[in-house]
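Novice: I have a structure here, written as structure tokens, and I will follow up with some questions on it.
The values are calculated or read from the model by the stated rules, or taken from the named source; none is laboratory data. Please read all numbers here as calculations on a predicted model, not as lab measurements. Heads up, the Cβs are rebuilt from the backbone with ideal geometry, glycines too, and the neighbour counts pull from every protein chain shown.
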Amino acid sequence: MSTQHKPLDVICIGRIAVDLYGQQIGARLEDMSTFAKYLGGSSGNVAYGSAIQGLKSAMLARVGDEHNGRFLREELQRAGVDTQYLITDTTRLTGLVMLGIKDENSFPLIFYRDNCADMGLVPEDINEKYIASARAVAVTGTHLSHPKTRAAVLKALDIAQRHGLRTALDIDYRPVLWGLTSLGDGETRFIASPQVTQQLQDVLHYFDLIVGTEEEFHIAGGSTDTLLALKNVRKASSATLVCKRGSLGCVVFDGEIADDWEQTKIHRGVRVDVLNVLGAGDAFMSGLLRGWLNDESWEQACRYANACGALVVSRHGCAPAMPTKAELDDYLSRDDSVRRPDRDARLNHLHRVTTRKQRWSELYVFAFDHRKQLLEMTQEAGVDVGRIPALKLLLLQGAEAAAAEARLDHRCGILADTTYGQAALNAITGKGWWIGRPVELPGSRPLRLEHGNVGSQLIDWPQEHVVKCLVFYHPNDSAAMRQQQDDLILDVWRSCNKSGHELLLEVILPSDNPDQQESGYYTILSHFYRLGIQPDWWKLPPLSPDSWQAISTLIEQHDPDCRGILLLGLDAPEETLKAGFAAAAQASWVKGFAVGRTIFAHAARQWLQGELDDNALVAQVKHNYLTLIQYWREARGTVS
């Protein structure tokens, strides 16, 4: 099989674990109170990082048969990593790392890897046909530290050599993982050890590419004189050696090792303010593999690698901080002017939109986040407000029944609130639905938030929940009104950027303003874009085809990575919504609808008044939801 036309570009073999990153920057690890959970482990990071750089990467390792193992598998799969040989180990737990950021030079970390799953790798896990299906194998040094994992790695390398694969080693030296420090000392990067040096040198001949920091070449070469260490490595291997020299950049040695650094060519790094060096080496390797496996020059490969590392050191986390291909290319087009990548709006927006975990080609959303209207219904019926949560669970039941019958798969969604719909939110979370939650105080104008500061709210929200914010806005509002609303919407937008939640911004012209020209929506969206607000979703009322065309052009100009527009209903009759669907049929940015009262209002009122039982309510809601699904499909010409 030609190495240029294989299913996989690179198979990564080595460490994969869950990183628990302390969120209080500047605190001791002892004092951390909250942690962010990320994909971690050097090989896991490289598999992820190379995949989002456009390579067809795979992860060959073991993870536990538990929640953390499933998390790692799903994270890799979402990035496009092949996981068919990410083996589920039923007797070991997934490895874990706890780490923090004290300052730019101090990164306390603890490895929890006693008999962990990835160290359970054995030669029997290495399938020759699978290894041969790739163009390259990339391994990390940790798996050379234990007899069984070492044997598995050597088997993979033997197969790679016989089938003409490229082979790469990231030395990835962690003294604690070789048993050279106390178990709690994961931060120490170098301890001299003749035994480790010998074990590394015994296998260096297998590799075409060897990558490491100066300290890592010290251990591989058995000397703290970097050039001497590199010469010792050269005696054991003819591989291309890439020595990382921190902020200076890196040096590539294809042949003999120079006698002094003045005789070497430094591939300059990008200068940024350092937040966190952890994971920078894995990002570097991901960028280097992109260039190396695409047969680009070492100049270009190192440019990718240095820039990937620079972006990661400016951010929190390892894998989630790594740039995508689109993001990296944008950065490299203007890297001289981006001193602080973490504060560059364009770059951060690209990172946000190109690392989304789910794709939504279209959406059929049942909205029952209504609080004010349902409260009014309970008052009309003379029943306790405590019945609303039970009602919302029944509405969800009807939604799920309709979605199953219509075979919506990953195109169904709900809008539900925290005030009365928490049980419904809990029930649907994790099932692959699109889920939106409101933050606005119902009916507020100027905009106010229902449960206080949005940042404090989002701490408790699942990451998959979309922040929905409804604002009644008019271009002719007073300057004071516009400023007040703009400031709060900006705060919501920035909070979503910080927390990683998506934002749906719903805009409605207020009914108390006589000027209801639909051109107002174009003006309002233009205004928000000028403020720098780029919501993932817009929610707008049905408009004319001409208005849709104008708004579509606006979105393409300001945010071509926008998720799209959902149509709102405003309790309109079914026939009115049907006409609105038809008018939006040719607008590609309209991805579907988010309609509520048209589906549930009449049935909910009857149920609250005792005129419908639970089953009848569910049946009526299901029927109404299916009717709107059919209308949308007819408008789009997608009726099955």
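Novice: Is it fair to say Lys591 is in the same structural domain as Leu509 (by TED's automatic domain parsing) and either in a strand (DSSP E or B) or under 30 Å from His351 (Cα atoms) (or both)?
Specialist: Yes.
Novice: To continue, here is another question. Does Arg73 qualify as being closer than 22 Å to Ser286 by Cα, in the same structural domain as Arg135 (by TED's automatic domain parsing) and touching a Lys or Arg at 6+ places or on another chain (Cβ under 6 Å)?
Specialist: no
Novice: Continuing with this model, one more query. Can you tell me which of (1) part of a helix (DSSP H, G or I); (2) over 31 Å from the mean Cα position of the chain (by Cα); (3) free of Cβ contacts under 8 Å to residues at least 40 places away in the same chain is the one Lys622 doesn't meet?
Specialist: Only one criterion is unmet by Lys622, namely (3).
Novice: Moving on. Answer yes or no: is there a residue in the stretch 626-636 that is over 22 Å from Ala401 (Cβ atoms), assigned by TED's automatic domain parsing to the domain that holds Gln373, in contact (Cβ under 8 Å) with a residue 12 or more places away in the chain and polar (S, T, N, Q).
Specialist: No; the residues of the stretch 626-636 include none that is over 22 Å from Ala401 (Cβ atoms), assigned by TED's automatic domain parsing to the domain that holds Gln373, in contact (Cβ under 8 Å) with a residue 12 or more places away in the chain and polar (S, T, N, Q).
Novice: Another one. Could you please let me know if Ile87 is assigned to a strand (DSSP E or B) and at pLDDT 95 or above?
Specialist: Values: assigned to a strand (DSSP E or B): yes; at pLDDT 95 or above: yes.
Judged against the criteria, Ile87 is a match.
Novice: When you check Arg605 against the structure, is it in contact with an Asp or Glu (Cβ under 9 Å, 6 or more places away or on another chain), modelled with pLDDT of 95 or more and surrounded by 21 or more Cβ atoms within 10 Å (Cβ to Cβ), yes or no? Explain how you work it out, then say what you get.
Specialist: Details: in contact with an Asp or Glu (Cβ under 9 Å, 6 or more places away or on another chain): yes; modelled with pLDDT of 95 or more: yes; surrounded by 21 or more Cβ atoms within 10 Å (Cβ to Cβ): no.
No; evaluated as a whole, the condition is false for this residue.
Novice: For Cys318, state whether it is surrounded by 22 or more Cβ atoms within 10 Å (Cβ to Cβ) and over 24 Å from Ile565 (Cα atoms).
Specialist: yes
Novice: Please go through (1) in contact (Cβ under 8 Å) with a residue 12 or more places away in the chain; (2) outside any loop (DSSP other than H, G, I, E, B) for Arg70 and return the number of the only condition it doesn't satisfy.
Specialist: Unmet for Arg70, out of (1) in contact (Cβ under 8 Å) with a residue 12 or more places away in the chain; (2) outside any loop (DSSP other than H, G, I, E, B): (1).
Novice: Can you tell me which condition Val252 does not meet? The list is (1) closer than 19 Å to Leu144 by Cβ; (2) part of a strand (DSSP E or B); (3) hydrophobic (A, V, I, L, M, F, W, C); (4) touching a Phe, Trp or Tyr at 6+ places or on another chain (Cβ under 7 Å), and all the others hold.
Specialist: Condition not satisfied by Val252: (1).
Novice: Tell me which of these Lys37 doesn't satisfy, since it passes every other one: (1) in a strand (DSSP E or B); (2) buried (at least 24 other Cβ atoms within 10 Å of the Cβ).
Specialist: For Lys37, the failing item is (2).
Novice: How about the stretch 113-220: which strands (runs of 3 or more DSSP E) wholly inside it have at least 1 residues that are modelled with pLDDT of 95 or more and more than 25 Å from Gly246 (Cβ to Cβ)?
Specialist: Those strands (runs of 3 or more DSSP E) span 134-140, 166-170.
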